[in-house]
Amino acid sequence: EKQALVDKKAYINGSVLYKEKVKESSEILKESNPTTRICHISDREFDNNDFFEYIVAQGDDFITRMKLSRLSNEMLPSFTPKGNISKKIVYQKLIDKNFKNKEIHLIGKLAIKGKLHQNVSCCLEWEALIIEGKSYNTVRISLFCEGKALFQHPMLLLTNKEITNGEQAKAIYKGYILR
């Protein structure tokens with residue numbers, strides 16, 4: 001019933017509005033230059049497989065910050081209360097896994113919420129992630145100053161852009177930060 005209302009544009013929700021604005025902005029920007037490659041940058045509330053596929057179907061790129069609960073493709077052993085291995089499939093959270101690729105960059109000065117941090121280590125980790133049969137890339141960013149993490153949790157970003165080296169991972173992070 002709701003889908004019929006959505007199809008008639010009589011029912012509006014965040015998902016409908018998001019898709020409308022993605023399509024509208026993509027069409028406007030491509031109007032004067034059809035070969036322009038658009039990159040939609042979104043926050044955690046748009047960490048949704050349907051949104052990723054929608055953007056890719058437009059022929060565009062995306063960078064989306066992921067929720068901390070997002071799972072990796074790596075299975076973990078699961079145990080029953082008696083300590084036996086369970087048949088239940090459990091996947092490790094991206095926030096906790098060891099990524100295949102890693103680089104550390106030094107940031108000379110970094111201002112966060114009015115406080116200036118000097119000589120910040122930026123740990124960039126990246127690897128491919130399969131979501132519902134589609135391949136994307138994820139980047140995990142951790143910032144450290146004097147050996148202490150600047151944030152309680154690392155930042156997780158997902159993109160359909162190619163990442164084969166640290167410079168490309170850094171460009172994904174920079175793209176999100178400059179949103």
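Data table
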read-out: D7 accessible area, 1.4 Å probe, all protein chains in place, Å² to nearest 10; value: 110 Å²
read-out: Of A128, A57, A169, the one that fluctuates the most in a GNM where the chain has Cα springs shorter than 10 Å; value: A57
read-out: Selection of GluC sites (Glu not before Pro), segment 85-179, meeting DSSP coil and at most 15 other Cβ within 10 Å; value: E132, E146, E162
read-out: Expected 222 nm ellipticity per residue - DSSP helices of 4 or more, -39500 (n - 2.57), all of the chain, to 500; value: -8000 deg cm²/dmol
read-out: Estimated distance in nm for a label pair at I131 and I107, the labels positioned 7 Å out from Cα along Cα-to-Cβ; value: 2.3 nm
read-out: Estimated FRET transfer efficiency when R0 is 45 angstrom, pair D43-T80 (beta carbons, to 0.05); value: 0.70
read-out: Filtered chymotrypsin sites (Phe, Trp or Tyr not before Pro), segment 84-166: DSSP coil and at most 16 other beta carbons within 10 Å; value: F99, F151
read-out: Loop GluC sites (Glu not before Pro), segment 1-101, which have at most 14 other Cβ atoms in a 10 Å radius of their Cβ (DSSP); value: E1
read-out: Relative contact order (%) - segment 21-141, alpha-carbon pairs under 8 angstrom, separation at least six; value: 15 percent
read-out: Q118/E167 FRET efficiency (R0 30 Å; Cβ-Cβ; nearest 0.05); value: 0.85
read-out: Surface accessible to a 1.4 Å probe, L5 within the full protein complex, Å²; value: 60 Å²
read-out: Using alpha carbons only: equivalent-ellipsoid semi-axes of the chain, gyration tensor based, whole Å; value: 30, 26, 16
read-out: Residues of the chain: accessible area per residue with a 1.4 Å probe, Å²; value: 65 Å²
read-out: Calculated log₁₀ intensity ratio I(q)/I(0) where the Debye formula runs over C-alpha points of segment 28-107, q = 0.27 Å⁻¹; value: -1.22
read-out: Carbon + sulfur, % of accessible area of the chain - ligands and nucleic acids excluded, 1.4 Å; value: 51 percent
read-out: Residues of segment 45-74 with amide N under 13 Å of the 7 Å Cα→Cβ point at K19; value: 49-58
read-out: Label-point separation in nm, L178 to N33, each point 7 Å along Cα→Cβ; value: 1.4 nm
read-out: Size of electric dipole in the chain: Cβ of Lys, Arg +1 and of Asp, Glu -1, about Cα centre, debye, nearest 20; value: 620 debye
read-out: At R0 = 22 Å, FRET efficiency that the Cβ-Cβ distance of Q92 and Q152 yields, to 0.05; value: 0.70
read-out: Accessible area in the full protein assembly, largest first, 1.4 Å probe, for I89, I63; value: I89, I63
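The values are calculated or read from the model by the stated rules, or taken from the named source; none is laboratory data. Please read these numbers as outputs of a predicted model, since none were measured by experiment. When we count neighbours, we look across all protein chains shown, and the Cβ atoms used for this are built from the backbone with ideal geometry, even at glycine. Remember, those area values only see protein heavy atoms, side chains included, never the ligands or the DNA or RNA. Shrake-Rupley method; radii C 1.70, N 1.55, O 1.52, S 1.80 Å.
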